[in-house]
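Any read-out appearing in this document is the output of simple, stated calculations on the displayed coordinates, not a laboratory observation. Only a predicted model underlies this, so the values are computations on that prediction, with no experimental measurement involved. Counting neighbours? That spans all protein chains shown, and the Cβs are built from the backbone with ideal geometry, glycine included.
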Amino acid sequence: MKIRDFKQCGEIYRRVHWNNRGKKSIVWRCVSRLENTGLACHSRTVLEDMIGIATVEAINKLIGQKDGFLTILKENIETVISETDNNIVSNIDKKLEELQKDLLKLANSKEDYNDIADEIYRLREERHKALAEEAGKKGSKQRLEDMEKFLNEQSTLLEEYDEQLVRRLIEKITVYDDKLTIEFKSGVEIDIEK
């Protein structure tokens, strides 16, 4: 889970053990306030307890509205599945195989084969991008399915902060002057005013 300052400098927050006038606490502060990054940041310091409370509140909002969210999640899963085109990589592989045969013919007959070699390199890059995109879609689908499973299993609201659950569900928290935005790994965002 990442905590990031939005308004001031955009840097990430870091967890710090703080001793403020003899009172020890754990807080999150912008890294540019802790280190000399060259940025002048005046973003607020956030108590770790406040982040925990805001996270529980966001999860409970999600649980409280789970019927609506489940419908949206199912639609998102269907969209991810429908966008996945497994034929792209196999089509590129077929083209590459044909081009490699043509390349061998031209090389054996001592003709110029630079254009075919360039096309092979271009198709290899396209294949790599297609594989990376497909892996990203599978990851998105898995995160959406994990959120759907969590919402289906959760029958009551959370009463206290659960580190493991937060790490499983929350992607990042963005700090504003008047609110925290909790972004779930499924892409859902919930604002908590603090």
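A few comments on the model shown:
- Computed from backbone phi with θ = phi - 60° and the Karplus coefficients 6.51, -1.76 and 1.60, the 3J(HN,Hα) list for region 167-176 is 5, 6, 9, 9, 7, 7, 10, 10, 9, 10 Hz; x is used for glycine and proline.
- Over the chain: Kirkwood hydrodynamic radius from C-alpha pairwise inverse distances, Å: 20.6 Å
- Against the chain, whose longest principal axis is taken from its Cα atoms, helix 87-108 shows a tilt of about 40°.
- Per-residue ellipticity at 222 nm from helix content only, as computed over the chain with -39500 (n - 2.57) for each DSSP H run of at least four residues, stands at -19000 deg cm²/dmol.
- Distance violations [Cα-Cα > 25 Å] among Lys101/Lys138; Lys61/Lys179; Lys94/Lys137: Lys101/Lys138
- Highest-first arrangement of 19-30, 153-164, where packing means the average Cβ count within 10 Å: 19-30, 153-164
- Relative to the longest principal axis of the Cα atoms of the chain, helix 66-83 runs at roughly 20 degrees.
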